[in-house]
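Structure record follows, encoded as structure tokens.
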Amino acid sequence: MKIIRHLLSIIHLSSIILLSLVLFLSCSRRIDLNRIVIWHQMRVDERVILEGQMKKYMELHPGIHLEAIYKETEELRSGFIIAAIAGQGPDLVYGPSDQIGPFQVMNIIKPMENIFSEAWIDSFNPKGVTWYKGHLYQIADKLGNHLTLVFNKNLLQKAPETDIELIEIGKRLTVYSNGDGRFEQYGLVWNYTEPFFFIPFMTGFGGWVMDDDGKPTLDNRGVVDGLNFIKELRDIYKIIPREADYNIADALFKDGKAAMIINGDWSWAGYKKAGIDIGIAPLPKIVKTGLWCAPMVSPKGYSINVNVSKEKEKIVVDVLRYLLAPENQLETAKQLNTMPTWRALYDDPFIKNDEILKNSQIQIDRGRPMPVVPELRAIWDAMRPSYQAVLGGVKTPEQAAKNMQSLALRKIAEMNE
Amino acid sequence: MNRFYKNIFIFTFVAPAFLVLIGVVFYPFIYNVVISFSNMNLRHIQDWQMVGPVQYVKVFTEPTEPNFYVIFLKTIIWTFVNVFFHVVLGVILALLLNQKIKGKGIYRTLLILPWAIPQYIVALTWRGMFNYEYGSINIVLTKYLHLPAVEWLKNPTEAFLACILTNIWLGFPFMMVVALGALQSIPHELYEAADIDGASWYHKLKNITFPLIKPVMIPAITLGIVWTFNSLNIVWLVSNGGEPSDNTHILVSFVYKAAFNLYRYGYAAALSIVIFVILLIFSLSFMKKTKATEAAY
């Protein structure tokens with residue numbers, strides 16, 4: 001009798017543990033072939049368009065469920081790495097092309113050149129398809145992600161074409177009259193805490209972040225002169241604020257307190273919504289060097305998770321073809337003034353005639369492709385402290401360029417050890 | 001063996017919670033310890049190998065800018081300044097709210113407000129308030145107090161101070177609520193007896209109030225120290241990821257950067273274990289020294 005009681009107790013305990021385990025494990029996601037998950041970092045207006053397009057797809061394909069999950073760029077990157085390494089994660093991941101390098105090195109995205117036909121891939125602008133180490137890893141629906149000169153047409157009719165004009169117009173449009181220590185209006189603003197926004201000045205003076213082998217090239221005249229130029233804009237010509245991060249620069253322009261802003265294509269729709277009559281112009285030429293200020297240009301698009309099974313791949317491919325279809329790209333371009341990647345669309349009357357898109361196209365052509373190698377992350381990280389130190393008056397541009405280079409080399413070595 | 005069977009009922013109920021704990025606490029912790037001895041990074045994320053205590057050596061010797069010891073010192077300053085003001089402000093406000101004052105409910109709601117606002121919004125709002133030209137703090141300093149404007153976000157010391165000020169504002173309501181709860185549980189007879197004995201306000205505070213709120217405040221302070229030591233959000237968002245020039249990092253923001261910006265998972269795991277050990281040693285010795293587990297009455 002005692003033994004039976006003991007046995008019953010053990011069975012009781014085991015069943016509770018088993019039940020808990022089952023409950024615990026059932027929390028993990030079931031593989032559902034008809035449920036396609038997309039992780040993206042699209043801003044709100046882009047998201048609304050994507051969700052509308054997804055809804056249409058689901059109406060056309062009953063039984064298939066599409067789910068888009070927003071994550072902030074860094075969270076998306078780290079979250080996708082963790083999930084994909086564990087054999088999970090979304091089926092499609094959307095973002096700028098610079099995430100391709102780390103994802104490829106970690107082997108968490110699929111090469112796509114054998115999944116899609118050559119003819120279909122050729123339908124895209126070559127700048128919109130990201131190849132890395134001989135394989136196709138990303139197909140974009142938007143080209144650019146690039147900085148341009150955005151100006152308030154109520155304050156300025158024609159954008160400056162050279163650095164000299166920029167300074168002249170900037171001086172004319174910077175207003176400081178009441179002596180309270182705060183300028184009423186600035187000629188130019190931008191986020192000068194982030195080195196991404198420094199790139200056009202660096203390229204305008206002949207510099208670039210790395211050589212063809214991915215080695216940093218930051219200790220150069222372009223960096224030094226670019227830094228000096230920004231310091232002059234702030235301290236000598238006084239046409240930019242003493243400090244401005246993204247939010248401050250953005251708010252100043254939206255409030256009509258800045259005549260020009262250097263910002264990316266993602267910001268234009270927001271300025272229109274804020275009631276600013278904007279004009280888009282390519283960044284000016286530096287007269288001394290004869291070079292245009294060239295921003296980094298990168299496509300934004302989709303990659304396929306390496307964990308997507310062969311069985312599910314067919315549906316994922318069909319979804320991807322739909323999302324990248326020309327009619328969907330045109331819809332996005334019309335609403336957000338983003339540059340599509342489907343080549344045939346470049347003959348569309350809207351793309352050809354829209355003033356914003358025309359100037360955006362000029363800027364894209366003058367821009368330089370953003371490197372997709374993982375080392376770029378270390379270069380940004382190495383540039384940021386010295387760039388900020390120059391603007392804080394702690395380092396000279398020459399010291400900063402030297403320090404950027406040595407720190408970049410060390411960080412790359414640490415990353416690759 | 002008999003005792004085991006007698007307690008089977010207890011084990012049965014504890015088992016589900018224990019399994020969940022294994023999944024969400026013990027397994028990740030052990031995994032973290034394991035990768036802290038590995039070379040897991042960008043190039044070795046799938047094929048990582050055990051390399052011994054290499055990452056720990058790097059934590060203490062690698063010439064990062066700023067290095068581990070500087071960041072550790074800043075973390076200690078960050079933690080103690082924050083917790084000191086959280087407790088002092090919290091207790092003072094709790095003492096005031098514990099009096100018979102008009103509109104107590106309104107004051108209490110207003111004072112708890114910082115705690116109710118999402119940290120992300122608090123941090124970005126304060127960052128805007130610290131702007132040199134348009135921030136409200138400099139406007140108050142220059143326009144009303146006729147003091148020179150401060151470059152809060154451009155200089156390392158001022159930027160660190162900006163983070164601390166934001167976190168003080170965000171953290172005092174917790175201590176205030178805890179202290180208020182403790183104050184309300186003190187029997188009123190003790191104060192009446194003290195009044196009969198002719199005790200002054202200060203003596204009542206020293207001999208009744210403080211000793212009786214201590215058992216509640218010590219665990220709250222311990223928690224406050226651990227939370228503040230590990231508080232990533234405010235430092236990261238107010239200083240925009242360590243600006244200027246990586247000079248406003250505390251240990252956790254530095255770990256975050258190492259793990260997610262530069263994909264150095266082994267190094268970040270080792271650094272996080274070091275942080276864990278620091279906090280464990282501190283918490284145990286603090287609890288022992290303050291006799292936090294002793295009864296008050």
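The values are calculated or read from the model by the stated rules, or taken from the named source; none is laboratory data. Note that the structure is predicted; figures quoted are calculated from it, not measured. Note: ideal-geometry Cβ built from the backbone for every residue, glycine included; neighbour counts use all protein chains shown.
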Taking region A:358-369 and keeping residues out of contact with any Lys or Arg (no Cβ under 9 Å at 6 or more places or on another chain), touching a residue at least 24 places away in the same chain (Cβ under 8 Å) and surrounded by fewer than 21 Cβ atoms within 10 Å (Cβ to Cβ) leaves A:Asn359, A:Ile362, A:Arg366, A:Arg368
Region B:14-42: number of residues that are at the interface with chain A (Cβ under 9 Å from one of its Cβ atoms) and either touching a residue at least 24 places away in the same chain (Cβ under 8 Å) or in contact with a Lys or Arg (Cβ under 7 Å, 6 or more places away or on another chain) (or both): 3
Please determine, by comparing only the residues of region B:1-49 that are within 20 Å of B:Val255 (Cα to Cα) and more than 30 Å from the chain's Cα centre (by Cα), which one is modelled with the highest pLDDT. B:Asn39
Considering only helices (runs of 4 or more DSSP H) wholly within region A:221-290, the ones with at least 3 residues that are of a type outside the set (Ser, Thr, Tyr) and under 23 Å from A:Gln399 (Cβ atoms) are A:221-231
Residue among B:Lys100, B:Lys143, B:Lys154 that is more than 14 Å from every other protein chain (Cβ to nearest Cβ), among the basic types (Lys, Arg) and either surrounded by 20 or more Cβ atoms within 10 Å (Cβ to Cβ) or at negative phi (or both): B:Lys100
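For region A:167-187, which residues satisfy the criterion of being in a helix (DSSP H, G or I), of a type in the set (A, V, I, L, M, F, W, C) and in contact with a strand residue (DSSP E or B) (Cβ under 7 Å, 6 or more places away or on another chain)? Reasoning before the result, please.
In the first step, residues of region A:167-187 are kept if they are in a helix (DSSP H, G or I); the result is A:167-173.
From what is left, the residues that are of a type in the set (A, V, I, L, M, F, W, C) are A:167, A:169, A:173.
The answer is A:Ile169, A:Leu173.
Does B:Asn167 satisfy the criteria of being part of a helix (DSSP H, G or I), away from chain A (no Cβ under 12 Å) and not hydrophobic (A, V, I, L, M, F, W, C)?
Answer is yes for this residue.
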Unmet requirement for B:Val226, which otherwise passes all of (1) surrounded by fewer than 20 Cβ atoms within 10 Å (Cβ to Cβ); (2) within 14 Å of chain A (Cβ to nearest Cβ): (2)
Complete set of residues in region B:227-247 that are of a type in the set (Ser, Thr, Tyr) and either within 16 Å of B:Phe80 (Cα to Cα) or at pLDDT below 85 (or both): B:Thr228, B:Ser231, B:Ser245
Pick from A:Lys215, A:Lys288, A:Lys273, A:Lys231: which is under 18 Å from A:Phe197 (Cα atoms), surrounded by fewer than 16 Cβ atoms within 10 Å (Cβ to Cβ) and of a type in the set (Lys, Arg)? A:Lys231
Answer yes or no as to whether B:Met129 is surrounded by 12 or more Cβ atoms within 10 Å (Cβ to Cβ), of a type outside the set (Val, Ile, Thr) and away from chain A (no Cβ under 13 Å). no
Take the residues in region A:33-54 that are over 14 Å from A:Leu320 (Cα atoms) and basic (Lys, Arg), then tell me which one is nearest to the chain's Cα centre (by Cα). A:Arg43
What helices (runs of 4 or more DSSP H) lie completely within region A:28-105 and have 2 or more residues being within 14 Å of another protein chain (Cβ to nearest Cβ) and modelled with pLDDT under 95? A:73-85, A:100-105
Is region A:110-125 home to any residue that is crowded, with 22+ Cβ neighbours inside 10 Å and outside any strand (DSSP E or B)? no
Read through the list (1) more than 10 Å from every other protein chain (Cβ to nearest Cβ); (2) surrounded by 11 or more Cβ atoms within 10 Å (Cβ to Cβ); (3) in a helix (DSSP H, G or I), then give the number of the only condition that B:Phe11 fails. (1)
Residue that is surrounded by the most Cβ atoms within 10 Å (Cβ to Cβ) [pool: residues in region A:171-191 that are touching a residue at least 60 places away in the same chain (Cβ under 8 Å) and among the aliphatic types (A, V, I, L, M)]: A:Leu188
Of (1) polar (S, T, N, Q); (2) buried (at least 21 other Cβ atoms within 10 Å of the Cβ); (3) more than 21 Å from A:Pro374 (Cα to Cα), A:Gln88 satisfies all except one. Which? (2)
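Report yes if B:Ile92 is in a helix (DSSP H, G or I), more than 26 Å from A:Val105 (Cα to Cα) and within 13 Å of another protein chain (Cβ to nearest Cβ), otherwise no. Before you say what the answer is, go through the steps one by one.
On the way: in a helix (DSSP H, G or I): yes; more than 26 Å from A:Val105 (Cα to Cα): yes; within 13 Å of another protein chain (Cβ to nearest Cβ): no.
In short, no.
Does A:Arg368 satisfy being touching a helix residue (DSSP H, G or I) at 6+ places or on another chain (Cβ under 9 Å), away from chain B (no Cβ under 14 Å) and not β-branched (Val, Ile, Thr)? Working first, answer last.
Details: touching a helix residue (DSSP H, G or I) at 6+ places or on another chain (Cβ under 9 Å): yes; away from chain B (no Cβ under 14 Å): yes; not β-branched (Val, Ile, Thr): yes.
When the stated conditions are applied, A:Arg368 passes them.
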Those residues that are within 13 Å of chain A (Cβ to nearest Cβ) and surrounded by 14 or more Cβ atoms within 10 Å (Cβ to Cβ), I need them from region B:43-61; list them, please. B:Arg43, B:His44, B:Ile45, B:Trp48, B:Val54, B:Gln55, B:Lys58, B:Val59
Look through region A:371-396, keep the residues that are assigned to a loop (DSSP other than H, G, I, E, B) and over 30 Å from A:Val129 (Cβ atoms), and return whichever of them is nearest to the other protein chains (Cβ to nearest Cβ). A:Gly392
Test set (1) part of a helix (DSSP H, G or I); (2) under 28 Å from A:Gly144 (Cβ atoms) - A:Asn403 fails condition number: (2)
Quick test for you: out of A:Lys334, A:Lys352, pick the one residue that is more than 14 Å from chain B (Cβ to nearest Cβ) and within 22 Å of the chain's Cα centre (by Cα). A:Lys334
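For B:Ser239, are the conditions met, namely being closer than 21 Å to A:Thr73 by Cα, more than 8 Å from chain A (Cβ to nearest Cβ) and either in contact with a Lys or Arg (Cβ under 7 Å, 6 or more places away or on another chain) or not β-branched (Val, Ile, Thr) (or both)? Step through it out loud before you land on a result.
On the way: closer than 21 Å to A:Thr73 by Cα: yes; more than 8 Å from chain A (Cβ to nearest Cβ): yes; either in contact with a Lys or Arg (Cβ under 7 Å, 6 or more places away or on another chain) or not β-branched (Val, Ile, Thr) (or both): yes.
Answer is yes for this residue.
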Does any residue of region A:256-271 turn out to be in contact with a Lys or Arg (Cβ under 7 Å, 6 or more places away or on another chain) and not assigned by TED's automatic domain parsing to the domain that holds A:Gln41? yes
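Out of A:Ala244, A:Ala249, A:Ala259, which single residue is touching a Pro at 6+ places or on another chain (Cβ under 9 Å) and among the aliphatic types (A, V, I, L, M)?
Answer to the selection: A:Ala249.
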Matching residues in region B:192-205 - criterion: being in a helix (DSSP H, G or I) and either out of contact with any helix residue (DSSP H, G or I) (no Cβ under 6 Å at 6 or more places or on another chain) or on the phi > 0 side of the Ramachandran plot (or both): B:Glu192, B:Ala193, B:Asp195, B:Ile196, B:Trp201, B:Tyr202, B:His203, B:Leu205
